[in-house]
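Visitor: A single structure is presented below for examination.
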Amino acid sequence: MKPIFKAHDLSFEEMIDEATIHARVQEMGTQLQELYFDKNPLFIGVLNGAFLFAADLIRAFESPCEIDFVRMSSYKGLRSTGQVTITLESKIEIKGRHLIIVEDIVDTGNTLYAFCQDIEKQEPASVAIATLLIKPEAVQHNLKVDFVGFEIPPKFVIGCGLDYNEQGRHLRGIYQLITSIF
Ligand code: IMP
């Protein structure tokens, strides 16, 4: 039986286990290492959800790099509100830097689309997106996502930094919402 986690009023069951996630994040780190080892890239993690993935990813990247975080939000409970708010901006100079934006999940793509448009104005040398998860069926923008951990169906998930009303971020696996048939 798959592990179950209860958060608030809802139940979630494991979709991707810790070992599988760990192995994939190591692979992504190695791939980034091959491309960016001499570029001192600036990783920009999107808070709160990407804090764990960003930490694991830069530890799998074994060359000089820097990290900063921004905070954006578009989700309330189980749904995207469609409006993206950037509440914490990176203080590091971005002009001329090789950026790797680190997201926990790309769902509609609203958050990253808005952020990338904003960041391009600051003339970085390059911009790449690395996400742990993507829901390809939900993406609504022509967004180039360069590094993807796992493609998942359009289900609501928690774990590895992702939450349901702040619960479940600590889970080492990815857990999907169990939808009742009644
Ligand atoms: P997007 O702007 O619709 O792509 O959504 C991006 C943000 O919404 C992510 O960074 C998450 O914080 C949140 N989000 C999207 N899907 C989920 C989910 O299945 N579980 C938890 N949070 C999610």
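The values are calculated or read from the model by the stated rules, or taken from the named source; none is laboratory data. Bear in mind the structure is a predicted one, so any value in this text is a computation, not a measurement. Every residue, glycine among them, receives a Cβ derived from its backbone with ideal geometry; neighbour counts consider all protein chains shown. The protein model used for the area step is the full one, side chains on, heavy atoms only, and it has no ligands, DNA or RNA in it. Shrake-Rupley method; radii C 1.70, N 1.55, O 1.52, S 1.80 Å.
Visitor: Between the helical axis of 51-60 and the dominant principal axis of the chain, each derived from Cα atoms, what acute angle in degrees is found, rounded to the nearest 10?
Guide: 50 degrees
Visitor: Which loop GluC sites (Glu not before Pro) in the range 125-168, with loop taken from DSSP, have no more than 12 other Cβ atoms within 10 angstrom of their Cβ? Write out the running numbers ahead of the final one.
Guide: Details: sites: Glu137, Glu151, Glu166; in loops: Glu137, Glu166.
Passing both the DSSP loop test and the Cβ count: Glu137, Glu166.
Visitor: Using a Förster distance of 35 angstrom, determine the FRET efficiency expected from the C-beta separation of His8 and Asp38, and round it to 0.05.
Guide: Numbers: r = 47 Å, r/R0 = 1.33.
FRET efficiency, His8 to Asp38: 0.15.
Visitor: Okay, next question. If you wrap a convex hull around the C-alpha atoms of the range 1-75 and split its volume per residue, what is the figure in Å³?
Guide: 108 Å³
Visitor: Determine which lysines satisfy two conditions relative to Lys91: a Cα distance under 22 Å, and not lying fewer than 8 residues away in the same chain.
Guide: Lys91 reaches Lys39, Lys121.
Visitor: What accessible area per residue, rounded to a whole number of Å², is obtained for the chain using a probe radius of 1.4 Å? Please list the in-between numbers first.
Guide: Numbers: 9760 Å² over 182 residues.
Ligands and nucleic acids excluded, the result is 54 Å² per residue.
Visitor: When the convex hull of the Cα atoms of the range 22-149 is projected onto a plane and the area is averaged over all directions, what value comes out in nm²?
Guide: Working: hull surface 29.7 nm².
So the Cα hull casts an average projection of 7.4 nm².
Visitor: Right, something else. Along its principal axes, what span do the Cα atoms of the range 82-182 show, with the longest given first and each in whole Å?
Guide: Taking the Cα atoms of the range 82-182, the three principal extents are 53, 27, 25 Å.
Visitor: In nm, to one decimal, how far is the His141 label point from the Leu47 one, both placed 7 Å along Cα→Cβ?
Guide: For His141 paired with Leu47, the spin-label model returns 2.1 nm.
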